[in-house]
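Presented below is the structure to which this report refers.
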Amino acid sequence: MLTPLTFVGDEHALLQALRDGHPGAAAVFYDQHAAHVSRTLRSALGADEEIPDLLQEVFIRAIDGIGKLREIDRIGGWLTTIAIFVARAQIRRRARRSWLRTFSPEHAGPQHLIQPSSEARAALREVYDVLGQIPVDERMAFALRYIEGMTLPDAAEACETSLATLKRRLSRAEKRFLEAASKRPVLEHWLQEGTRWNVQKRS
Amino acid sequence: MERPEAKLAEFGSAVREALAAETETAEEIRQARAGFLHEFAARHGAHAGWGHRGTANRWRILLLAGATVAGAVALWTYTDRPISFQVDASGAPGKTGDLVYGAPQGLVPLRFSEGSSVILHESTRLRVLATDPRGARMLIEDGTVDASIVSARIGKKHWNFEAGPFQVQVTGTRFTLSYRALDQSFALATHEGQVVVSGACLDAPTPVAAGSRIDLTCLARRAPPTQTASLSALPLPGHASADPVASSGKPTRNAQTWRELLATGRLQEAVHAAERADFDRVCQTAGAKDLLALADAARLFARPSRAVTALRVLRQRFPSSAEASTAAFALGRIAFEQKRAYPEAVDWFATYLREQPSGPLHGDCVGRLMEARLRAGDQSGAHLDAEQYLRRFPEGPYASEARGILAK
């Protein structure tokens, strides 16, 4: 079981310690940003059983590229960018598995799982079914802006694109989403009724 | 006409909230953490070389050679098998990942092969997530435990206790830990040795030495932890934490109604606004969906009596509606989670299933009914529920509990 040495220091010291390979710094780095990265992955992908692996991948990529990061105060946005990159790769993998499932179901591998045993779960499944049909660039713009709640400039930076391009993608995504939602009673109902979701969590 | 952006923003906020409730975020983060730290260590260990660390590395190699010799001598006292454990007096072997319940009355001991023990108080829920030769990783889902972790004869012990957003690192000590999932209240008293508590809302890991206790909650995000030198009997953290709205110093939004606050996801403020507007009167005039939402908000923010009021009024005013059945389910949850009144919980869950035999909450309800019957002492009823659950949801979230019941 891994119990790292404790790291003590400010953010600049943390960045240097990460470059030096201080294990305690890695733990602090992870603990500071894991919740935000996990949330970004979930916003982009929905509830996916591979989120823990993807979360790990984001942080490993971050460590591999830590030498290029010059401004510690931009680390949150930088991690979001990596998370979006990893999420996009996951969407492409899912698309390949979906194709594979058609011809060879036994090789399909892990699937996106939300069991619709509650209203909120059924609606979530619908949301991500619809998002799955939207081109990935537009989907990411939509997920970051509306589900993750990012500002337009932050979302553009995370997608590594200009503000104008992000706005165009977002506009197309909105149209596609609203059109698709109008044909799905559960989503249409929730869009009209607002935020009164019956959110329930197992104890 | 409402702009689509505003509607989508509100919708997106609801999706975010639903995702947070439907996914095991803390568990995802924990799972990834160990893998990441292991990978980090592997990468940096592989790249260590003579280079600028030349002298340090020479000493490391000499020490390593010496340690190898010492390790060979010590090997006869050291086993590299993971620690095993038994549950309660029956001595039944424990399995990592399985849920261990504290009995409604009495204590349930977990005894570990190297001599450590963890005693579960009544109604506590705990899982041993992992074990290795030097320790174990425990998850306290809810309740109180007394832990006695023996010190290692050779090397260091590494025990971790996780409770909600908090983690406790232990090397050899005795302590009592309480965690209440409802309001994320955490309390720890150390009897011997020292532990280190860390968590998402703590600025830094905090040591708690023998004779001290610490009380924390992450719901009041800006409230510092309190640490006292006196060690008293550790009650379950049952008192609501300081109202973050009142203690934050921010002005309350009197201009907005409870309905508006609910609609924008400011749930705790909505409950306060409804109370200011006379909660009973609000319940007599609100619609069924509003009553459900208000009850949910009250339940989430430690106002169970308000939640019960709203739900009972809903059932009186809108009988035979889908919302009335959902209210029955919610009343069952409150009876189970907050009042620990398991026979009452059984009645409410059964009411939902009777009123909505094919309702959207069917699976969840059967699973909870099974748990409530078990806690209420109705083993045969729980057995039937477990069979029913596995027929319909063999891979559902309650499947492992159901199999455990059928195996007994």
Open item on the list: Being surrounded by 15 or more Cβ atoms within 10 Å (Cβ to Cβ) and free of Cβ contacts under 8 Å to residues at least 24 places away in the same chain is the filter here; which residues of the range B:389-400 pass it?
Closed with: B:Leu390, B:Ala399
- [ ] Working only within the range B:330-344, note down all residues that are within 19 Å of the chain's Cα centre (by Cα), open to solvent by 40 Å² or more (accessible area, probe 1.4 Å) and more than 17 Å from B:Arg306 (Cβ to Cβ).
- [x] B:Arg340
Task: Subset of the range A:62-81 [free of Cβ contacts under 8 Å to residues at least 40 places away in the same chain and in a helix (DSSP H, G or I)] - done: A:Ala62, A:Asp64, A:Lys68, A:Arg74, A:Trp78
Task: Every residue from the range A:121-151 that is within 16 Å of B:Arg16 (Cβ to Cβ) and outside any helix (DSSP H, G or I) - done: A:Glu148, A:Gly149, A:Met150, A:Thr151
Task: Enumeration of residues in the range A:39-61 that are open to solvent by less than 20 Å² (accessible area, probe 1.4 Å) and either of a type in the set (S, T, N, Q) or free of Cβ contacts under 8 Å to residues at least 24 places away in the same chain (or both) - done: A:Thr40, A:Arg42, A:Ser43, A:Ile51, A:Pro52, A:Leu55
Open item on the list: Being in contact (Cβ under 8 Å) with a residue 24 or more places away in the chain and surrounded by fewer than 19 Cβ atoms within 10 Å (Cβ to Cβ) is the requirement here; does B:Asp347 meet it?
Closed with: no
Task: Members of the range A:8-24 that are buried (at least 17 other Cβ atoms within 10 Å of the Cβ) and more than 9 Å from chain B (Cβ to nearest Cβ) - done: A:Leu14, A:Leu15, A:Ala17, A:Gly24
TODO: List every residue pair whose Cβ atoms lie under 9 Å apart, where the two residues are 6 or more positions apart in sequence or sit on different chains, the first residue falls within the range B:373-388 and is over 21 Å from B:Arg340 (Cα atoms), and the second residue, located anywhere, is crowded, with 17+ Cβ neighbours inside 10 Å and of a type in the set (Lys, Arg).
DONE: B:Leu384/B:Arg373
Open item on the list: Residues that are open to solvent by less than 40 Å² (accessible area, probe 1.4 Å) and either modelled with pLDDT under 55 or away from chain A (no Cβ under 12 Å) (or both): does the range B:30-49 have at least one?
Closed with: yes
Task: strands (runs of 3 or more DSSP E) wholly inside the range B:200-317 that include at least 2 residues being open to solvent by 40 Å² or more (accessible area, probe 1.4 Å), at pLDDT 50 or above and within 14 Å of chain A (Cβ to nearest Cβ) - done: none
- [ ] Output the residues belonging to the range A:149-165 that are under 15 Å from A:Arg88 (Cβ atoms) and either hydroxyl-bearing (Ser, Thr, Tyr) or surrounded by fewer than 24 Cβ atoms within 10 Å (Cβ to Cβ) (or both).
- [x] A:Cys159, A:Glu160, A:Thr161
Open item on the list: Would you confirm whether or not the range B:401-408 contains a residue that is open to solvent by 40 Å² or more (accessible area, probe 1.4 Å), under 21 Å from B:Val100 (Cα atoms), among the small types (Gly, Ala, Ser) and modelled with pLDDT of 85 or more?
Closed with: yes
Task: From A:Pro153, A:Pro116, residue being farther than 17 Å from A:Ser43 by Cβ and at pLDDT 90 or above - done: A:Pro153
- [ ] Answer with yes or no whether B:Glu355 is at pLDDT 90 or above, touching a Leu at 6+ places or on another chain (Cβ under 9 Å), more than 14 Å from chain A (Cβ to nearest Cβ) and surrounded by fewer than 22 Cβ atoms within 10 Å (Cβ to Cβ).
- [x] no
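Tell me which residues, restricted to the range B:332-375, are of a type in the set (S, T, N, Q) and in a helix (DSSP H, G or I).
Selection gives B:Thr351 alone.
The values are calculated or read from the model by the stated rules, or taken from the named source; none is laboratory data. In this text, all values refer to a predicted model and were calculated from it rather than measured experimentally. Virtual Cβ from ideal backbone geometry, glycine too; neighbours counted across all protein chains shown. For accessibility, only protein heavy atoms count, side chains too; no ligands or nucleic acids. Shrake-Rupley method; radii C 1.70, N 1.55, O 1.52, S 1.80 Å.
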